[in-house]
1. When you take every Cα atom in region 2-122, what is the radius of gyration, and what is Dmax, the widest Cα pair distance, in Å?
2. Please report the net charge: other residues with Cβ closer than 9 Å to the Cβ of residue 76, K and R +1, D and E -1.
3. If you take the charge dipole of region 2-122 about its Cα centre, with +1 on Lys and Arg Cβ and -1 on Asp and Glu Cβ, which of 23, 4, 56 is farthest toward its positive end?
4. What's the FRET efficiency of residue 88 with residue 108 using the Cβ-Cβ distance as r and R₀ = 30 Å, to the nearest 0.05?
5. So for region 1-74, averaging the separation of alpha carbon pairs under 8 Å that are six or more residues apart and normalising by length, what relative contact order in percent results?
6. At 7 Å along the Cα-to-beta-carbon direction for both residue 45 and residue 25, put a label point, then send me their distance in nm to one decimal.
7. Checking the cross-link filter: which aspartates and glutamates have an alpha carbon closer than 14 Å to that of residue 111, excluding same-chain neighbours under 8 positions apart?
8. Please report the net charge: other residues with Cβ closer than 9 Å to the Cβ of residue 41, K and R +1, D and E -1.
Amino acid sequence: MKKISTEKAPAAIGPYSQGVVVNNTLFSSGQIALDPATGEIVGSTIEEQAEQVMKNLGAILEEAGSSYEKTIKTVCFLADMGDFGAFNEVYGKYFTEKPARSCVAVKELPKNVLCEVEVIAEI
């Protein structure tokens, strides 16, 4: 098992890794709209926050030797299912190979962000 860590994505805000590689498969931790340099939330709209989430995931995918195109599955958490359409517009720009996905609304996300996404990807 190999732990993934990059300064191009936010540091973990708890006792976990940004990602773990096992048997040539990356399992990322959920990413929220944190700026890796400042630790501050980026954006106030679902579109702005989703863009930052995708950038954070991209950095972890790259560090692991993977990519958006090699993503097998994503799990997406939204604070409001009313943001589903706008979230999909941003998501679709990055995950063009259309991996398997779950997308659910939850009561609350860390730091009261609007979305969180985790990935499973082939290396």
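Taken together, the values in this text are just the output of simple stated rules run on the coordinates, not laboratory data. Fair warning: this is a prediction, and the values are worked out from it, not measured in the lab. Neighbour counts run over all protein chains shown; Cβ positions are idealised from the backbone, glycine included.
1. Both quantities, over Cα of region 2-122: 13.1, 38 Å.
2. -1
3. 23
4. 0.90
5. Contact order relative to length: 31 percent.
6. A separation of 3.7 nm, rounded to one decimal place.
7. Within the straight-line cut-off, residue 111 pairs with 35, 40.
8. Overall, the nearby charge balance is -1.
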